[in-house]
Amino acid sequence: MQRRSDLTMDLVLLVLLSTLWGASYTFIKIGVETIPPLSLIAARTLMAGLLLATLLGGRGVVWPREPAIWRRFLIQACLNSVVPFTLIAWAERTIEAVLATILNATSPIFTFLLTALVTRHEPVTMRKLGGVAAGLAGTCLIVGVEALHGLGQQLWAQLAIVAATVCYAGAAIMGKSFKGLDPMLPAAGSLLSGAAILIPLALLIDHPWTLTPSLRSVLALIALATVSTAAAMVIYFRLVQTLGSIGATAQSYLRVPIGVAIAVAGLGEHLAPTAWIGLGCIVIGVVAMTLPARSRV
């Protein structure tokens with residue numbers, strides 16, 4: 001009974017995580033209207049990291065002192081925040097939040113490819129290979145149409161989202177190395193490590209003291225940092241331990257309809273017919289990748 005209760009809680013958290021991360025694309029789109037991507041992400045990671053560190057202090061949780069753990073925090077930061085957050089924020093200056101949501105939904109596909117080709121801790125099945133093919137076909141349908149018009153800014157922005165997705169896949173696998181730690185520790189540690197990298201770059205490149213962000217962008221940044229980053233990261237690291245790396249990234253196909261609905265309602269965006277077809281392929285592919293195998297009797 002306890003196992004069923006734990007699974008129910010994990011599924012509820014999976015839906016909640018999908019909603020929090022689905023909303024992040026809309027928050028980013030609003031944020032980069034008046035805040036440069038690097039400054040937006042530096043502030044996002046710092047605010048979220050400090051919030052989690054404050055909560056950890058209130059709970060009396062002791063920070064790890066082993067250098068090896070902090071090195072893993074730094075690697076996790078690069079894979080889960082520094083590189084993908086910045087790429088997505090940069091890309092959303094030119095592409096719609098809807099497309100960013102869909103393209104970023106391919107993370108379970110890349111997670112499976114990395115586990116099958118590198119870590120090899122899960123079996124390769126024909127169903128999962130079919131899922132990879134469907135997901136990659138969907139990605140090509142979305143990105144490939146723009147490619148026919150040459151290597152323009154729109155294409156590079158879409159490829160940046162795909163690159164961010166590959167980073168997330170690596171982060172999901174890397175996240176399993178924090179087993180035994182309070183889920184809030186790797187979330188806070190990686191965010192603060194990421195902020196330590198991003199803040200000097202933002203100060204050097206953006207000169208944030210010269211910026212005049214709108215209230216709308218500032219509110220989006222606050223929501224992005226507190227809800228879609230701090231809270232979401234804690235849930236994410238718990239699910240990596242309970243559902244596994246591929247199971248945790250299953251929120252991607254839940255995130256797609258949620259994120260698309262939020263972007264359409266909040267920003268008035270829309271999808272081209274080929275993007276809808278690509279969306280369908282990605283959802284089919286990710287479902288095939290994450291459904292548990294039937295038990296043989």
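Restricting attention to region 252-274, report how many residues are modelled with pLDDT under 70 and aliphatic (A, V, I, L, M).
Summing the residues that are modelled with pLDDT under 70 and aliphatic (A, V, I, L, M) in region 252-274 gives 3.
Please go through region 59-118 and pick out each residue that is polar (S, T, N, Q) and either free of Cβ contacts under 8 Å to residues at least 12 places away in the same chain or within 19 Å of GLY180 (Cβ to Cβ) (or both).
Residues of region 59-118 that are polar (S, T, N, Q), as a first pass: 76, 80-81, 86, 94, 101, 104, 106-107, 111, 115.
Answer for region 59-118, where residues must be polar (S, T, N, Q) and either free of Cβ contacts under 8 Å to residues at least 12 places away in the same chain or within 19 Å of GLY180 (Cβ to Cβ) (or both): GLN76, ASN80.
Just give me the residues in region 33-92 being over 20 Å from VAL166 (Cα atoms), within 17 Å of the chain's Cα centre (by Cα) and among the hydroxyl-bearing types (Ser, Thr, Tyr), in sequence order.
Scanning region 33-92 gives no hits.
Out of everything in region 216-248 that is touching a Ser or Thr at 6+ places or on another chain (Cβ under 7 Å) and under 14 Å from GLY22 (Cα atoms), what residue ends up being modelled with the lowest pLDDT?
So, considering only residues that are touching a Ser or Thr at 6+ places or on another chain (Cβ under 7 Å) and under 14 Å from GLY22 (Cα atoms), the one modelled with the lowest pLDDT is SER228.
Go through ALA188, ALA223, ALA230, ALA195 for me and flag whichever is outside any loop (DSSP other than H, G, I, E, B) and closer than 22 Å to LEU267 by Cβ.
Working: ALA188 fails: closer than 22 Å to LEU267 by Cβ; ALA230 fails: closer than 22 Å to LEU267 by Cβ; ALA195 fails: closer than 22 Å to LEU267 by Cβ.
Residue meeting the stated conditions: ALA223.
Could you identify the single residue in LEU17, LEU13 that is in contact (Cβ under 8 Å) with a residue 12 or more places away in the chain, surrounded by fewer than 21 Cβ atoms within 10 Å (Cβ to Cβ) and in contact with a helix residue (DSSP H, G or I) (Cβ under 6 Å, 6 or more places away or on another chain)? Quick ask: steps written out before the conclusion?
On the way: LEU17 fails: surrounded by fewer than 21 Cβ atoms within 10 Å (Cβ to Cβ).
After applying the criteria, what remains is LEU13.
Which residues, counting only those in region 209-227, are of a type in the set (Gly, Ala, Ser) and surrounded by 15 or more Cβ atoms within 10 Å (Cβ to Cβ)? So that I can check it myself, show each step before the final result.
Let us first name the residues in region 209-227 that are of a type in the set (Gly, Ala, Ser), namely 214, 217, 220, 223, 225.
Within region 209-227, SER217, ALA220, ALA223, ALA225 meet the criteria.
Has region 51-66 got at least one residue that is buried (at least 22 other Cβ atoms within 10 Å of the Cβ) and either of a type in the set (Asp, Glu) or more than 30 Å from GLY266 (Cβ to Cβ) (or both)?
Looking through region 51-66, none of the residues is buried (at least 22 other Cβ atoms within 10 Å of the Cβ) and either of a type in the set (Asp, Glu) or more than 30 Å from GLY266 (Cβ to Cβ) (or both).
What single numbered condition from (1) closer than 22 Å to PRO64 by Cβ; (2) surrounded by 23 or more Cβ atoms within 10 Å (Cβ to Cβ); (3) at pLDDT below 80 fails to hold for SER177?
Of the numbered conditions (1) closer than 22 Å to PRO64 by Cβ; (2) surrounded by 23 or more Cβ atoms within 10 Å (Cβ to Cβ); (3) at pLDDT below 80, the odd one out for SER177 is (2).
The values are calculated or read from the model by the stated rules, or taken from the named source; none is laboratory data. Quick caveat: nothing in here was measured; it's all calculated off a predicted structure. All Cβ positions, even for glycine, are placed from backbone atoms using ideal geometry, and neighbour counts span all protein chains on display.
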